[in-house]
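Here's the structure we're looking at; comments come further down.
Since every read-out is calculated from the coordinates, none of them should be taken as a lab result. It should be emphasised that the depicted structure is a prediction, and the values quoted were computed from it without experimental measurement. Please note: Cβ atoms are built from the backbone with ideal geometry, for glycine as well, and neighbour counts cover all protein chains shown.
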Amino acid sequence: MEGPPAKLQKTETGSASASSSAKPNFRLMLPQHFEDDIRMYLRQDMPCFDIGAFVVGDKPVVAKLLAKTDGVLAGVPFFDEVFKQLGCTVTWGCEEGSAVGPAQLGKEKAQAEIQGNADQHFNATSEHFKGRHEVAEVRGPAHKVLQGERTALNILSRASGIATDTQTLVGIKNLNGWHGEVAATRKVTPGFRLIEKYAVIVGGGVPHRMSLSDMTMLKDNHIWACNKSIGDAVRKVRSACGFSNKIEVECQSLEEAREAANAGAEVVMLDNFPPSEAKEAARKLKAEFSRGLTIEVSGGLSRETAAEYFSEHVDVLSFGSLTHGYGPIDFSLKIATVEGKAFAFDSWADDFRTPGEALDQAILMFYHLSGVTPICYSRFVIHAALDVVDEMVWGTSAMFLRFIDKFNDFHVSAYCTAGHARFMLLHKVRNEEAIRAFFAELHELYIKAMMSPFQEPNHRIESAAFDQRVRATGRRYFR
């Protein structure tokens, strides 16, 4: 079995990350109304009844967020907010902007594990999680986790896809030593603009203008619609926006760019220029307007052609594909299970004494059915198997008695110490190696607890520390 993930630390927002490294806290720049956007997304997805919620109930569960393809993680604040509004908590094992996916598991290991499960039907046990990078955990009532699942995944997969493509372009830029900036455009999805622009920033790019209310951009349609010259249009813009707003003009020729710059535009966009013509026009414009003119090139750019436009005279390359032509990163959110049931691990102890009778042997029983079956049902099944344990111990010297009984879909496994303390386990999926290892560690914990100077002989173990260690051991082997 795989060991536990890296220790997670709680953050002030109720989510957590694996460390507190110096990565930027992108969440700080978000406007408060992004919470309203998330509320709207949830309302759109559930305008009326959720019959599925009625089916699954409100038992507490843990769901694992798995990265199934490689990319850059982006969209964490929005993912968090989805589940915050539903009363759930998210614990992160990766930071915003970090690499996620099977490659983070080690290439050979990931390939072997994926290949080993390729022909299996889905089974929400630890086998399913092999070959997939565990990024986060979501905890909460089952119906709330499932209500937020698709909305949260839609956001995260798309934001991460944008960040991944952006980082790829920034990597090409850095590899070629180009000084300029990789920018998005205003070709965004209505209602999703904030998240798409945010993801560009996480990927290392710049968002360009966020809306029409930002920097004024005069496109060819503006010039044709007002029947004015570029110079007249720029001067009219300046009369309204004053000194505080920049003006950019989309230009189809070097002559139009010169006219825009002469009229006072701070940015000229060379639109749909071939690479050589764009670089030559940028060189001439920089020579003629040496006082801070910004040259942007746009129109049909891609990662394959980007390097052809790199020039000391070009300052910005803008890519519409960053926000409308990206491929999402494949994430899934799976309810983690313990032996086939909702992930939880609980325990109880019974001593079977009649009033006044001394306790001479501890009987410890552990079950994995919290929130799935009533405790009385679990007790009944395990108590019924005790006679089988008592019969088996006379015929073997082994402590691990393996699977000793079955009741409907449930199996009972047992372990009996030399002192006849009996450990019982109720489960569905038969995973003998995990159960054997769990019992062995449990035996060690039991011996240490009994040897404690604070543990009274012939008394039940009531130590909270013992209970916590047992639960932690169970989670480690049956996550």
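If amide H atoms are built 1.01 Å from N in the plane of the peptide, which residues on other chains or at least 5 residues away come under 5 Å of the amide H of Val61?
Gly140, Ala142
Taking 0.36 nm per residue of separation and subtracting the Cα-Cα distance, what length does fully extending Glu255 through Asp58 add?
Extending this stretch completely gives an extra 64.2 nm.
Let me check against my output: what whole-number percent is the relative contact order of region 215-318, with C-alpha pairs under 8 Å and at least 6 apart?
Values: 158 pairs, mean separation 23.0, N = 104.
Rounded, it is 22 percent for region 215-318.
Calculate the FRET efficiency for Glu308 and Lys334 from the Cβ-Cβ distance with a Förster distance of 41 Å, rounded to the nearest 0.05.
Calculated transfer efficiency: 0.40.
May I ask you to compute the full-extension gain from Ala418 to Asn245, defined as 0.36 nm times their residue separation minus their alpha-carbon distance, rounded to one decimal in nm?
Extra length available between Ala418 and Asn245 comes to 54.0 nm.
What whole-number distance in Å separates the alpha-carbon centres of region 381-404 and region 214-275?
Cα centroid of region 381-404 versus Cα centroid of region 214-275: 85 Å apart.
Summing +1 for each Lys or Arg and -1 for each Asp or Glu, what net charge is found among the other residues whose Cβ lies under 10 Å from the Cβ of Gly180?
-3
Taking Cα centroids, how far is region 161-201 from region 49-93 in Å?
26 Å
List, in order, the whole-Hz ³J(HN,Hα) value for each residue of region 30-41 obtained from phi through the Karplus relation with A = 6.51, B = -1.76, C = 1.60 and θ = phi - 60°; use x for Gly and Pro.
Along region 30-41, the couplings run 6, x, 4, 6, 4, 5, 5, 4, 5, 4, 5, 4 Hz.
How much length is gained if the chain between Ala398 and Lys187 is pulled fully straight, taking 0.36 nm per residue apart and subtracting their Cα-Cα distance, in nm to one decimal?
Numbers: separation 211, 0.36 × 211 = 75.96 nm, distance 6.89 nm.
Working it through step by step, the gained length comes to 69.1 nm.
Run through region 154-258 and list the chymotrypsin sites (Phe, Trp or Tyr not before Pro) located in a DSSP loop whose Cβ has at most 13 other Cβ atoms within 10 Å.
Qualifying residues, ordered by number: Phe243.
In the neighborhood of Ser332, defined by Cβ-to-Cβ distances under 13 Å, what is the net charge if each Lys or Arg adds +1 and each Asp or Glu adds -1?
So the environment of Ser332 carries a net charge of +2.
Under 5 Å between amide H atoms, partner at least 5 residues away or on a different chain: which partners does Ile404 have, H built in plane at 1.01 Å?
Here Val412, Ser413, Ala414 satisfy the definition.
What FRET efficiency comes out for Thr89 versus Ala440 if R0 is 45 angstrom and r is the Cβ-Cβ distance? Round to the nearest 0.05. Display every interim value, and only then the final one.
On the way: r = 33 Å, r/R0 = 0.72.
The value I calculate is 0.90.
Once phi is turned into θ = phi - 60°, what whole-Hz ³J(HN,Hα) does the Karplus curve with 6.51, -1.76 and 1.60 give for every residue of region 389-397, x standing for Gly and Pro?
Computed from phi, the couplings for region 389-397 are 4, 4, 6, 5, 5, 7, x, 8, 9 Hz.
Long-range amide H contacts for Thr69: which residues qualify at under 5 Å (H placed 1.01 Å from N, peptide plane, sequence gap of 5 or more or a different chain)?
Asp330
Taking θ = phi - 60°, what integer Hz values does the Karplus form 6.51 cos²θ - 1.76 cosθ + 1.60 yield along region 65-74, in sequence order, with x for Gly and Pro?
Whole-Hz 3J(HN,Hα) from phi for region 65-74: 8, 10, 8, 9, 10, 7, x, 10, 6, 8.
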